[in-house]
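Remarks on the structure that follows.
Nothing in this text is a laboratory measurement; each read-out follows from the coordinates by a stated rule. Note that the coordinates shown come from a computational prediction; the quantities given were computed from them, not determined experimentally. Note that each Cβ is placed from the backbone with ideal geometry, even for glycine, and that neighbours are counted across all protein chains shown.
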């Protein structure tokens, strides 16, 4: 793309030029599989008139996911948050549970919503995942468990967290919302801790429109969660456990089955886009892309840019310039859970124990990826960042 057609935010303000992209490029624009296959499944559901309550497509989706991940049980849920809440309750967590602050706020909310205190531990700035030493520092007599998060689909320090949990008699589970298809030491994520929770929200590499699941090798835990997602019913009239409505509906399962067939294509496209970003952004001072371990599997769904103090433009300048060009990059998970309500009121000084979390929160930009973006568009996005940084370097006293 010719340089003259790339506009910085300053140019837009002066010239009123239209944005570079007529359609917005989103982080997390849904990947959608074979439309005809999906509509055929919807037709089957309508013909059968079995639209919810553990329908045949939900059962098929659970079986296929369990087989793909190599686990005994996959319990499909209406969304990832209710899956977290049910898993937390089924494990009997109480008191305090250690979580990262650098995660989507649902990880903390799923605890707080049930009267459990999320205790925020710091992250490793190199991996963005929980730092085991920080977890150890946050353990108190009230601690009942740890929730590790496989952020960006890169595995949390599973072995170290399990060792801490075993040493202190704590329950360990994982928020694997980003990690469908990822691996840890060659083993597919989904089998670690007591259970792992997935989100199949529309923005994920694998989606069911809206949905989630808990995977586990624990037969008793799986049975408990199946009861809890359906009001505790065992049979038509027999309620044997407290429960709620956490069921996935057939329409969502139909999308999931369709997108399972697409998943390997999504991963291949994401890998190409990530490689294009690496090449196109190379050499810009203070700009680095988070890398994925080539020895492990990952969906490469998250293109995570870190902007250091050496970059001529600030992180917020880059976000503003991209937004002005209809590129809807995001500041995930700014500013960190501990800075959001109610946690900022409950723990006003938590940041003193979370220096890495706060530092990373100020640096991260997540860029568009997925089937809706091409390597050519990746290069155009990188050109905008490059020209913005060059402009900022030549005019260091001017905010873009």
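Taking the longest Cα principal axis of the chain as reference, the axis of helix 56-69 is set at about 70 degrees.
Past the 29 angstrom mark, what percentage of all C-alpha to C-alpha distances in the chain do you count? Kindly include the intermediate steps, with their values, before the conclusion.
On the way: 37244 of 79800 pairs.
The answer is 47 percent, as a whole percent.
As a calculated quantity, the FRET efficiency between residue 112 and residue 394 at R0 = 35 Å, using C-beta atoms, amounts to about 0.15. Paramagnetic label reach from residue 295 (point 7 Å along Cα→Cβ; backbone nitrogen cut-off under 16 Å): within the range 170-196, residues 183-188. Remark: relative contact order (the chain) = 23 percent; criterion is Cα-Cα distance under 8 angstrom and separation of 6 or more residues. For the pair residue 64 and residue 127, label points projected 7 Å from Cα toward Cβ lie 3.2 nm apart.
To test your reading of the geometry: what angle, between 0 and 90 degrees and rounded to tens, separates the Cα axis of helix 250-281 from the longest principal axis of the chain? Once rounded, the angle reads 30 degrees. Computed extension gain for residue 349 through residue 245, at 0.36 nm per residue and net of the alpha carbon distance, reaches 33.8 nm. A straight chain from residue 23 to residue 308 at 0.36 nm per residue would run longer than the Cα-Cα distance by 99.6 nm.
Rank these for me by crowding, 269, 216, going from fewest to most other beta carbons within 10 Å. Walk me through the numbers on the way to the answer.
Values: 269 22, 216 27.
Neighbour counts put them in this order, fewest first: 269, 216.
The long axis of helix 315-324 is offset from the longest Cα principal axis of the chain by roughly 90 degrees. Which residues does the label zone of residue 168 cover in the range 74-108, counting backbone N under 14 Å from a point 7 Å along Cα→Cβ? Zone members listed by number: 94-100.
In which sequence would 337, 311 go, from the one with the fewest C-beta neighbours within 10 Å to the one with the most? Mind showing how you got there, number by number?
Values: 337 26, 311 23.
The fewest-first ordering by Cβ neighbours comes to 311, 337.
When the Cα atoms of the range 35-259 are aligned to their principal axes, the ranges along those axes come out at 57, 39, 27 Å in descending order.
Per residue of the chain, the DSSP helices (runs of n ≥ 4 H) give a summed -39500 (n - 2.57) that works out to -12000 deg cm²/dmol at 222 nm.
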